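Have a look at the structure below before the remarks.
The values are calculated or read from the model by the stated rules, or taken from the named source; none is laboratory data. Keep in mind that what you see is a predicted model, and the values were worked out from it rather than measured. We place every Cβ from the backbone using ideal geometry, glycine too, and count neighbours over all the protein chains shown. Side chains included, ligands, DNA and RNA excluded: accessible areas come from the protein's heavy atoms. Shrake-Rupley method; radii C 1.70, N 1.55, O 1.52, S 1.80 Å.
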Amino acid sequence: MHYSKPNSKPPNMYTHYSIVLSLIFTNLLLFSSLSPTTAAGGSWMLLQRSVGISAMHMQLLQNDRVVMYDRTDFGPSNLSLPGGKCLRDPKAKIKVDCTAHSIEYNVITNTFRPLMVLSDVWCSSGSVLPDGTLVQTGGFNSGERRVRKFRPCSTCDWEEIPLALSARRWYATNHILPDGRQIIFGGRRQYNYEFYPKDEATQNVFDLRFLAETNDNGIENNLYPYVFLQPDGNLFIFANNRAILFDYTKNKVVKTFPAIPDGEPRNYPSTGSAVMLPLNVDAKFIEVEVLVCGGAPKGSYDKANSHGIFVEALRTCARIKITDQNPQWVMETMPQPRVMVDMLLLPNGNVLLINGGSAGAAGWEIGRKPALNPVLYHTNNPVGKRFELQNPTTIPRMYHSTAILLRDGRVLVGGSNPHSSYNFTGVLFPTELRLEAFSPSYLDPEFAYLRPAIQFPASSVKLRHGQALKVGFTVPGKVDSTRLSVTILSPSFNTHSFSMNQRLLILSTTKYRLRGNKKYEVEVTIPGSGNVAPSGYYILYLVHKEIPSIGIWVQLSDRK
């Protein structure tokens, strides 16, 4: 498969990609010897029996390729580096390692190629710059103050900048800012934040007392804090069991939210997950809700790690409307207890809970009872009617598993590596190199008559904040114009059960018209504020009766 270079596209690129995506997806379902598991609650398909590495970290880029990596300090992987390349790291278990610990996976062709990282990326963080470059920060030992860049092209590899960070960042969280910079919060024994890239005023770190206050002595439970940029420009930061609204421009806490009523920890190593629910930008006032699910009760990590006692994970979710005058958490109960769960926003605004276990905590060999069934959370249903159990996988996805949404609506799932080396025997959960895809029920053939197909604009169209955009589409069956919406999704950096920079916006719709036989057009307005929609690449979907189209890439910026 040929890909054009970034920022260049033939006129029919979207049509070409869409046809290829549709054909490949159909052929995999019909002809693959790796038969999918199907049921009313979605279907599973094994894509690769081995990608050579365990996918601890994932990021989808605008060329429909996914960068994955694990760690470099625990022995050779099952994928060799090309051309005799070898990593030399005196702090690693293997001082000279000629195997890959990162790959680029091609979604279109279901193939992958090895990449070479030059330092240890274990438990690192990242986000994508407005130009599409993946910037990845921190890690362990040799990687703890490194910044790495990966530019999306068919031959690109990692570039590294030593000592680019002011502090060691291990288990930190990154978020993209409206001006294109990244802000990086926390990490092991780091109760502060910093920016990248830096200017004269941001060379050093800035203290954040909230991170020290939420630290459980000896266990932490506040690593990989959940961070979401707000429409007012502030940051919502959740750690352990409570949250603040933070003005990063003034280093000031604007608001303190109540603790979750049960008081239980939700961040690593107790490890639940969180999403900011879809933002309806058509509203005069944008309401913001955050959903936090799963985790492990207090003491679970110590009981599992020191005493071999595996406590049942939390069954609760907590939802809060942070824009209320007096915001309060509303508690809900999941169908299953869940620790190490990933939460993904789907194109139609619902949330998918996937991966993890039902007992223990996050860490080497201390998670138990794999939670094989994804759970669909219907965002707009009333309390008590939001959770729907989905069809199970056959592959346990425990510690260090990952999941991301693809442009065609499938969810890519990889990883699970709950021990300190590549080991496939004699352990409860072996190193997991398989890659699979979960297809939510909106991709079931029975909904084909409702499924829209975008005709224009072509991918990857460049858009400006505040711009009006016409989207042409077709639908095989009858269209219900009252159940049409256009959403844009920011692909996330996923690791350790948190999807950094994940954001779904429901665009303002102004006009709808019939263009011909089963051909339609809808006009939407792109958000005018970088606080609502930071510049960068998004996937645009047209959703009809909760059935999404294949998405198209759009690049949003302030440039004319």
(message) Report the gain in length on full extension from Asn217 to Arg515: 0.36 nm times residue separation, minus Cα-Cα distance, nm rounded to one decimal.
(response) 100.9 nm
(message) If you take every residue apart from Ala274 with its C-beta less than 14 Å away from the C-beta of Ala274, what net charge results, scoring Lys and Arg +1 and Asp and Glu -1?
(response) +1
(request) Multiply the residue gap between Lys93 and Thr394 by 0.36 nm, knock off their C-alpha separation, and tell me the result in nm, one decimal place. (result) 105.2 nm
(message) Tell me the net charge near Gly414. Cut-off is 9 Å between Cβ atoms, Gly414 excluded, with +1 for each Lys or Arg and -1 for each Asp or Glu.
(response) 0
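Taking a quarter of the surface of the convex hull around the Cα atoms of region 80-150, what do you get in nm²?
Details: hull surface 22.6 nm².
That works out to 5.7 nm².
Mind ranking 408-415, 163-170, 126-133 by how tightly packed they are, going by the mean number of other C-beta atoms within 10 angstrom, highest first? Write out the running numbers ahead of the final one.
On the way: 408-415: 24.9, 163-170: 19.2, 126-133: 21.4.
Listed from highest to lowest mean packing, they are 408-415, 126-133, 163-170.
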(request) Counting helices only, and only those DSSP H runs with n ≥ 4, report the 222 nm mean residue ellipticity of the chain as the sum of -39,500 (n - 2.57) divided by its residues, in deg cm²/dmol to the nearest 500. (result) -1500 deg cm²/dmol
(message) Between Lys478 and Thr155, what's the calculated FRET efficiency when r is the beta-carbon distance and R0 is 60 Å? Round to 0.05.
(response) 0.80
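Gain in length, Arg188 to Ser421, computed as 0.36 nm per residue apart minus the alpha-carbon separation, to one decimal in nm? Walk me through the numbers on the way to the answer.
Working: separation 233, 0.36 × 233 = 83.88 nm, distance 2.19 nm.
Computed gain between Arg188 and Ser421 is 81.7 nm.
Net charge near Gly186: determine it from the other residues with C-beta under 10 Å of the C-beta of Gly186, scoring Lys and Arg +1 and Asp and Glu -1. The partial results should precede the final answer.
Details: positive: Arg169, Arg188, Arg189; negative: Glu220.
Net local charge, Gly186 excluded: +2.
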(message) Which lysines, if any, have their Cα less than 22 Å from the Cα of Lys369, not counting same-chain residues under 8 positions apart?
(response) Lys298, Lys303
(message) Can you tell me which aspartates and glutamates have their Cα less than 13 Å from the Cα of Lys91? Leave out same-chain residues fewer than eight positions away.
(response) Asp73, Asp120, Glu144
(message) Whole-Hz ³J(HN,Hα) for each residue in region 287-299, computed from phi via Karplus 6.51 cos²θ - 1.76 cosθ + 1.60 with θ = phi - 60°, x for glycine and proline: what do you get?
(response) 7, 10, 10, 10, 10, 10, 10, x, x, 10, x, 3, x
(request) Return, in residue-number order, each cysteine of the chain whose C-beta is not under 4.7 Å from any other cysteine's C-beta. (result) Cys123
(request) Mind pulling the per residue volume of the convex hull built on the Cα atoms of the chain? Å³ is fine. (result) 145 Å³
(request) Any lysines with Cα under 28 Å of the Lys462 Cα? List them, leaving off those in the same chain fewer than 8 positions away. (result) Lys5, Lys9, Lys149, Lys198, Lys284, Lys470, Lys511, Lys518, Lys519, Lys545, Lys560
(message) Taking all protein chains in place and a 1.4 Å probe, what share, in percent, of the accessible surface of region 363-491 do carbon and sulfur account for?
(response) 53 percent
(message) Quick one: 3J(HN,Hα) in Hz for region 281-286, Karplus 6.51/-1.76/1.60 with θ = phi - 60°, rounded, Gly and Pro as x.
(response) 7, 6, 6, 5, 10, 7
